[in-house]
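Computed from the coordinates by the stated procedures, all read-outs in this text should not be read as laboratory data. In this text, all values refer to a predicted model and were calculated from it rather than measured experimentally. Methodologically, a virtual Cβ is constructed for each residue, glycine included, from the backbone with ideal geometry; neighbour enumeration extends over all protein chains shown.
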Amino acid sequence: MAPIDKTLICRDCNKQFVFTAGEQEFYQQKGLQNEPRRCPECRSARRRSASAPDRGGAPRQLYPAVCATCGAATQVPFEPRQERPVYCSDCFARQRDRG
């Protein structure tokens with residue numbers, strides 16, 4: 001039986017939101033068994049607050065690096081190793097477009 005749109009109530013703001021048939025199919029494909037308890041706006045706000053440094057989320061650690069292609073100073077979210085090249089965002093985009 002094909003899923004149909006459901007109206008649910010957000011546990012945070014108590015507003016109604018629609019859990020669409022497409023979203024239900026996505027949940028089934030991913031093996032998720034529980035319906036969402038928060039509306040999209042509250043889910044988004046929760047994700048933002050969980051990753052904010054002042055809310056207990058760890059700030060993203062950035063490491064200094066030198067681009068292997070153009071030599072520009074840059075920062076990357078991983079600790080560079082000598083055997084692997086590191087690229088600035090512009091050179092990385094060019095490398096990705098080529099491959």
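Rounded to the nearest 10 degrees, what's the angle between the helix 89-98 long axis and the longest principal axis of the chain, both from Cα atoms, 0 to 90?
80
To the nearest 10 degrees, how steeply does helix 40-51 sit against the main Cα axis of the chain, on a 0 to 90 scale?
Result, in degrees: 40.
Using a Förster distance of 35 angstrom, determine the FRET efficiency expected from the C-beta separation of Val66 and Gln16, and round it to 0.05.
On the way: r = 53 Å, r/R0 = 1.52.
Using R0 = 35 Å, I get an efficiency of 0.10.
Kindly identify the stretch 6-55 as rounded, prolate or oblate by the Cα gyration tensor criterion: order the square roots of the eigenvalues as a ≥ b ≥ c, call it rounded if a/c is under 1.5, otherwise compare a/b with b/c, prolate if a/b is larger, else oblate.
Numbers: a/c = 2.95, a/b = 1.52, b/c = 1.94.
Oblate shape, in that a/c is at least 1.5 and b/c is the bigger or equal ratio.
Across every pair of different alpha-carbon atoms, what Kirkwood hydrodynamic radius in Å does the chain reach?
Working: mean 1/r = 0.0567 Å⁻¹.
Computed over the chain, the radius equals 17.6 Å.
If you stretched the chain out fully between Ile9 and Ser49, how much longer would it get, using 0.36 nm times the residue separation minus the C-alpha to C-alpha distance?
Details: separation 40, 0.36 × 40 = 14.40 nm, distance 2.12 nm.
Using 0.36 nm per residue and subtracting the Cα-Cα distance, I get 12.3 nm.
Which distance in Å, rounded to a whole number, links the C-alpha centroids of the stretch 67-88 and the stretch 4-20?
Value for the Cα centre distance between the two parts: 45 Å.
When only C-alpha pairs under 8 Å and at least 6 residues apart count, what is the relative contact order of the stretch 6-55, in percent? Don't skip to the answer; put the middle values down first.
Details: 35 pairs, mean separation 17.3, N = 50.
Contact order relative to length: 35 percent.
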